[in-house]
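Presented below is the structure to which this report refers.
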Amino acid sequence: MLGCMEALDPTTIVLLVIAALFAGWVDAVVGGGGLIQLPAVLLVPGLSPVQALAVNKLSSFMGTLTSAITYYRRTTSDIRTALPMAAVALVASFCGAVVAAVIPAEVFTPIIMVALFAVLLFTIFKPNAGELTALKFLGKKHIIFALMIGAGIGFYDGILGPGTGSFLMIAMMTVLGYSMLQSAAQTKIVNTATNLGALILFALGGHQVWMLGFAMGIANMLGGYLGARTAISRGTGFIRVLMMCVVSALILKLGYDLVF
């Protein structure tokens, strides 16, 4: 696998690192970093599509772990909710990746486009949503709904993936009642687990290109750290605007894939 790195020219490596850095920044704020990073990896000569997916997951895992730690240190993350969600999401993501090997992703694309469009409309027409935390459930009921969100979105991330961070944020705001900033923080913890679930599957299958994945992962970590700090300092308004941009781009990307 080291030969893959040696075969790449310096310009390609620099472009991949820049893509991973920017993807980590975007992903830390609203999710959707794969929209930037995965197309870049797919262009690497000599990599099969499954190897590109594996590299993307390794880099994303390193970035989301970094942003999750940054959020945890600088915000009041509800770790008692986020960790059980993450555990369930990890298992669900692994199961979703297994199902994805049997059912083509194209089957789910129209459904996901509708869901993303709903997220976009919610973000536009509910400008005050997520400004403050006002939990809708307490005790066991809160945990049960959190686990259901983790299982459902974790499974989706294993099957397809685009928009996972946005779906998690909206679910935490609307179903559980967290603020947008707290939702972003806890999304990174859960998203780290879903990335790990798929990463384990790719590693067990021998598809990982470790040197390339780690090189991009270091850049993604830096982007994740900077993105988390940007979200914390700029607040809800900035997160909302960036979410609208990323979700719109995801809708266009999935629509293009569906048609062409």
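The values are calculated or read from the model by the stated rules, or taken from the named source; none is laboratory data. Predicted model, so just to flag it, every value in this text is computed and none were measured. Cβ: placed from backbone, ideal geometry, glycine included. Neighbour counts: every protein chain shown.
Yes/no per residue for (1) surrounded by fewer than 23 Cβ atoms within 10 Å (Cβ to Cβ); (2) under 17 Å from the mean Cα position of the chain (by Cα); (3) not aromatic (Phe, Trp, Tyr):
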| position | (1), (2), (3) |
| --- | --- |
| Ala185 | no, yes, yes |
| Ala193 | no, yes, yes |
| Leu222 | yes, yes, yes |
| Ser233 | yes, no, yes |
| Phe260 | yes, no, no |
ask   = Given the conditions (1) surrounded by 15 or more Cβ atoms within 10 Å (Cβ to Cβ); (2) modelled with pLDDT under 85; (3) out of contact with any Cys (no Cβ under 8 Å at 6 or more places or on another chain); (4) at negative phi, which single one is not true for Gly158?
value = (3)
query = Can you tell me which residues in segment 195-220 are buried (at least 21 other Cβ atoms within 10 Å of the Cβ) and among the β-branched types (Val, Ile, Thr)?
reply = Val209
query = Within segment 170-228, restricting attention to residues that are of a type in the set (Phe, Trp, Tyr) and assigned to a helix (DSSP H, G or I), which residue is farthest from Lys136 (Cα to Cα)?
reply = Trp210
remark   = Of the residues in segment 84-108, those that are modelled with pLDDT of 75 or more and of a type outside the set (Val, Ile, Thr) come to Pro84, Met85, Ala86, Ala87, Ala89, Leu90, Ala92, Ser93, Phe94, Cys95, Gly96, Ala97
task = Determine whether segment 108-128 contains at least one residue that is aliphatic (A, V, I, L, M) and over 21 Å from Met243 (Cβ atoms).
result = no
message = Can you pull out every residue in segment 124-143 that is within 17 Å of Ala82 (Cβ to Cβ) and assigned to a loop (DSSP other than H, G, I, E, B)?
response = Gly130, Thr133, Leu135, Lys136, Phe137, Leu138
query = Conditions: (1) of a type in the set (D, E, K, R); (2) surrounded by fewer than 17 Cβ atoms within 10 Å (Cβ to Cβ); (3) within 26 Å of Phe61 (Cβ to Cβ). Lys140 meets all but one. Number of the miss?
reply = (3)
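Conditions (1) of a type in the set (Lys, Arg); (2) over 16 Å from Val55 (Cβ atoms), marked per residue:
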| site | (1), (2) |
| --- | --- |
| Thr192 | no, yes |
| Ile200 | no, no |
| Ala203 | no, no |
| Gly206 | no, no |
| Phe214 | no, no |
| Gly217 | no, no |
| Met221 | no, no |
| Arg229 | yes, yes |
| Gly235 | no, yes |
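Conditions (1) in contact with a Leu (Cβ under 6 Å, 6 or more places away or on another chain); (2) assigned to a helix (DSSP H, G or I); (3) buried (at least 17 other Cβ atoms within 10 Å of the Cβ), marked per residue:
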{"residue": "Ser77", "(1), (2), (3)": "no, no, yes"}
{"residue": "Val88", "(1), (2), (3)": "yes, yes, yes"}
{"residue": "Val98", "(1), (2), (3)": "no, yes, no"}
{"residue": "Ile103", "(1), (2), (3)": "no, no, no"}
{"residue": "Ile111", "(1), (2), (3)": "no, yes, no"}
{"residue": "Phe117", "(1), (2), (3)": "no, yes, no"}
